Structure formats: structure tokens, C-alpha cells
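Trainee: So that we are looking at the same thing, I have put the structure below in C-alpha cells.
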Amino acid sequence: MIISIALIWAVLVGFCCLLWLAVGIRHRLSGEPPVENGLIPYLGCALQFGANPLQFLRSRQKKHGHIFTCKIAGQYIHFLCDPFSYHSVIKQGRHLDWRKFHFATSVKAFGHDSFDPRHGHTTENLHQTFLKTLQGEALPALIETMMDHLQDVMLKSDTLRPSKSRWEVEGIFAFCYKVMFEAGYLTLFGKEFGDDKCQARLTAQKALVLNTLENFKEFDKIFPALVAGLPIHVFKSAYSARENLAKTMNAENLSRRENVSDLISMRMLLNDSLSTFNDVSKARTHVALLWASQANTLPATFWSLFYMIRYELVRARCSHTT
Ligand code: HEM
């Protein structure tokens, strides 16, 4: 009897494996890049990718070449490792449905109600907001504000004050993160009303920005896991970091700030007039914008500075030896 039950189970498991091999595995079609399905059903290569993304991508690039496809948490994702091919993909922009991914991912990661008008929480065309406030005629003013804040943050910062007898030493990674985050944050969300010469107020303002940066980093760490579909409640500290960010961006706190960018002012207006979002959802949409404005900018600044310094060092060494 026990043997026959074990046999039934073995046949069932065998059948499921065959079914997975037949239906759950994507085979490479002609003209498509090589495919890696991974060994675990549904997860595919998710665990290897999550453990060390760079090592994973380098090893697959060695195996398959610059372009390949991997199954990660139920999704087939195409990877393009050759920077000279990006342009060809970007040129096809109008055939790529960014919105489909964007709407769902934003809800999963930031926890606000959906921006997709078909879900009935809003009727607006979100993309228009970005076109109106981040490019064309709106861009010069935005750049000027960012430049002013960059100057303020770097030249008036405690770290660089010449009267200080002792300099604070920081790695360029931490330096780039602090300087760019503060300047970017103030550019989008403005400053609290008040006297700019009052030292206590400036110190409090700085502390708020640095605290916001810590919350941002805590949340950003787990962003790939959220995109892959894991619920944020699994990551307690990242969840409270995201909620702390949202608290600093609720309507009451934003109303105490001046020089708020056109992007955030317009979003506040549209959230109030065209959506049925509640206050928490509205604040979380601002967290999404903070993340969009910083998540690529911070590492891009670090790498740009890193290569500039390295290039300068190499050049200085070469001119020294010749
Ligand atoms: C080096 C810096 C940055 C990089 C590499 C970067 C990259 C990207 C990419 C690849 C997208 C995907 C959507 C698309 O292709 O249209 C995107 C979207 C977006 N980015 Fe950036 N970004 C950077 C900085 C910024 C900054 C400073 C802001 C300031 C607000 C920003 C705001 C946005 C917004 C709002 C979207 C969504 C656009 C939409 O849904 O139409 N980004 N970014």
C-alpha cells in the first residue's frame, strides 16, 4: 500500500516536471537571443541574479555574448550588455510600451493607487506632466535652480568652510550621494519657509535632508526585489523608510515649503483635482518622483566623477613620464 502511494506521488511529480518542461520553458526561436530558463520553476535565475547581479550578468555575457534573455521571477528579461547597441533599442522607443511596465511597477514599489486611467483612480495623462515640467522651456529654470543649490551645498557646507581647522574626509561615493541628493531634493521639493540666516534652522534643514537620504538608501536597496514582485512587508526597515519618506511629503509638510518645483506643484494640483487618491497615496506619489529623480542620478554622478578623476590621474602620470 505504502509503495503504491509513493509510486502515485512519483508519477505525479514526474508528470508535473514533464508538463513544466513542455509548457513552462521558453525555447529560443530563430532571430531571438539565447534564453536561460534557470532550474527552478517560476523563479528561473532569480536567486543567482539576486545573490550577485554583476557576477551573474558577466558570466552569462561570457557564455552567450552581449545579448541574452533570462527568466527571473516569472518574467523573461532581455539583457543588453553592449553600450553601443543601446542606441538601436532606444530608436525603437515608440514600439516599446513603457507605460505598461511603469504603471504596475510604481504601484508595487511605492504603494500608491494606480495611475492607469483604466483603473479609475485618475483620469490624467501622467506622461504629459513630465513633458511639461522637465524638458523644453521648463528646463533652463530647473537647471539654474539645481546649479544654485549645488553651489550652496558645496560652498556653504560645513565640510568645506575654510574657517574650520580640521577638514572632514569622505569617500567620493558618499560625497556624491550627499551633495547630489541634497541639491536634487531642494530643487524638487524646495525649502521650508523661514530665515536663511538662522543657524539653528539651517542645521535642522540639513538634518532633515540627511535623514531623508538615509531613508532613501534603505528603500532603494530593496527596489529590485519589489520590482521582482516581493511584497514590501517582508522588508520591515525598508517599509518604514518608505513610510517615513511619505510622511515628510504629505500635503501639510509640503505646504510649509517654498520654491517647490513646477513638477511637484503640478502633481499636487492634479492629485487633488483629477484623482481619488487618499492623502497617504498622494504622498507616496511624491516618494516615487523623489526616487525617479535620484536613483539613477546618484550612481551616475559617482561613476562620472570616478572616471574623470581616474582619467586625470592617468593623464598627469603620462605627462610626468614623457
Ligand atoms: C543620470 C540620471 C538619469 C537616468 C540615467 C535616468 C533614466 C531614466 C530611464 C531609463 C527612464 C525610463 C523611461 C523612458 O525611457 O522614458 C526614466 C524615467 C523617468 N525619469 Fe529618469 N533618469 C535620470 C535622472 C532623472 C532625473 C534627474 C529626474 C528628475 C525629475 C528623472 C525623472 C524621471 C521620470 C519622472 C521618469 C518617468 C517618465 C515617464 O513615465 O514618462 N530622471 N529615467
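Values in this text are rule-based calculations from the coordinates and carry no lab data. Everything numeric here is computed off the predicted structure, so don't read it as measured data. Here the Cβ is made from the backbone with ideal geometry for all residues, glycine too, and neighbour counts use every protein chain on show.
Trainee: What share of the DSSP beta bridges in the chain is antiparallel, in percent to the nearest 5?
Mentor: Bridges in the chain are about 85 percent antiparallel.
Trainee: Give the residue list of trypsin sites (Lys or Arg not before Pro) in the stretch 239-322 that are DSSP loop and have at most 10 other beta-carbon atoms within 10 angstrom.
Mentor: Loop-located and lightly packed - none at all.
Trainee: Let me check I've understood the local charge: for Leu226, count other residues with C-beta under 12 angstrom from its C-beta, Lys and Arg +1, Asp and Glu -1. What total comes out? Intermediate values should be presented prior to the final figure.
Mentor: Numbers: positive: Lys108, Lys221, Arg242; negative: Asp220.
Summing Lys/Arg as +1 and Asp/Glu as -1 gives +2.
Trainee: With labels modelled as points extended 7 Å from the Cα through the Cβ direction, what inter-label distance (nm, one decimal) is found for Gln75 paired with Leu47?
Mentor: 2.1 nm
Trainee: Calculate how steeply helix 53-64 sits against the longest principal axis of the alpha-carbon atoms of the chain, using the helix alpha-carbon long axis, and give the answer as 0 to 90 degrees to the nearest 10.
Mentor: 50 degrees
Trainee: Right, something else. Using Cα positions and a limit of under 25 Å, work out the lysines in reach of Lys206, with same-chain residues fewer than 8 apart set aside.
Mentor: Here the lysines satisfying the reach criterion relative to Lys206 are Lys156, Lys164, Lys178, Lys191, Lys197, Lys217, Lys221, Lys247, Lys282.
Trainee: Please get the size of the charge dipole for the chain, origin at its Cα centre, with Cβ charges of +1 on Lys and Arg and -1 on Asp and Glu, quoted in debye to the nearest 20. Show your work: numbers first, answer last.
Mentor: Numbers: 36 positive and 28 negative charges, 201 e Å.
Roughly 960 debye, rounded to the nearest 20.
Trainee: Tell me the angle of helix 236-248 to the major Cα principal axis of the chain, expressed in degrees between 0 and 90 and rounded to the nearest ten.
Mentor: 40 degrees
Trainee: Also, quick follow-up: Taking the DSSP beta bridges in the stretch 1-95 as the whole, what percent of them are antiparallel, to the nearest 5?
Mentor: 80 percent
Trainee: Continuing with the same structure: What's the FRET efficiency of Asp82 with Ile172 using the Cβ-Cβ distance as r and R₀ = 35 Å, to the nearest 0.05?
Mentor: On the way: r = 27 Å, r/R0 = 0.78.
E(calc), rounded to 0.05, equals 0.80.
Trainee: Still on this structure, I have one more. Counting only helical runs of four or more DSSP H residues, what would the 222 nm mean residue ellipticity of the chain come to if each run contributes -39,500 (n - 2.57) and the total is spread over all its residues?
Mentor: Calculated from helices alone, the mean residue ellipticity at 222 nm is -19500 deg cm²/dmol.
Trainee: Given H placed 1.01 Å from N in the peptide plane, which residues other than close sequence neighbours of Ile72 have an amide H under 5 Å from its amide H?
Mentor: Long-range HN contacts for Ile72: Cys45, Ile77.
Trainee: Give me the one-decimal nm value for the distance between modelled label points at Arg317 and Gln61, 7 Å along each residue's Cα-to-Cβ direction.
Mentor: 2.2 nm
Trainee: How many nm separate the modelled label positions at Glu192 and Phe306, each set 7 Å beyond the Cα in the direction of the Cβ?
Mentor: 3.5 nm
Trainee: How far is helix 172-189 tilted, in degrees, relative to the longest principal axis of the Cα atoms in the chain, given as a value from 0 to 90 rounded to the nearest 10?
Mentor: The two axes meet at around 80 degrees.
Trainee: Now a separate question. How high is the relative contact order of the chain, in percent, counting Cα pairs under 8 Å that sit 6 or more residues apart? Write out the running numbers ahead of the final one.
Mentor: Details: 281 pairs, mean separation 54.3, N = 322.
With pairs under 8 Å counted, the relative contact order is 17 percent.
Trainee: Roughly how far apart, in whole Å, are the Cα centres of the stretch 246-268 and the stretch 276-304?
Mentor: Distance between centres, Cα-based: 13 Å.
Trainee: Moving to a separate point now. Which one of Val287, Gln151, Ile40 has its Cα pushed farthest toward the positive end of the charge dipole of the chain, where Lys and Arg give +1 and Asp and Glu give -1 at the Cβ?
Mentor: Ile40
Trainee: Report the FRET efficiency, 1/(1 + (r/R0)^6), for Leu12 and His102, where r is their Cβ-Cβ distance and R0 is 45 Å, rounded to 0.05.
Mentor: The formula returns an efficiency of 0.65 here.
Trainee: Find the relative contact order for the stretch 23-106 and round it to a whole percent, using C-alpha pairs within less than 8 Å whose residues are 6+ positions apart.
Mentor: Once divided by the residue count of the stretch 23-106, the mean separation gives 24 percent.
Trainee: Assuming R0 = 41 Å, what is the FRET efficiency of Asn259 and Thr123, from their Cβ-Cβ distance, to the nearest 0.05? Intermediate values should be presented prior to the final figure.
Mentor: On the way: r = 29 Å, r/R0 = 0.71.
Taking R0 as 41 Å, the efficiency between Asn259 and Thr123 is 0.90.
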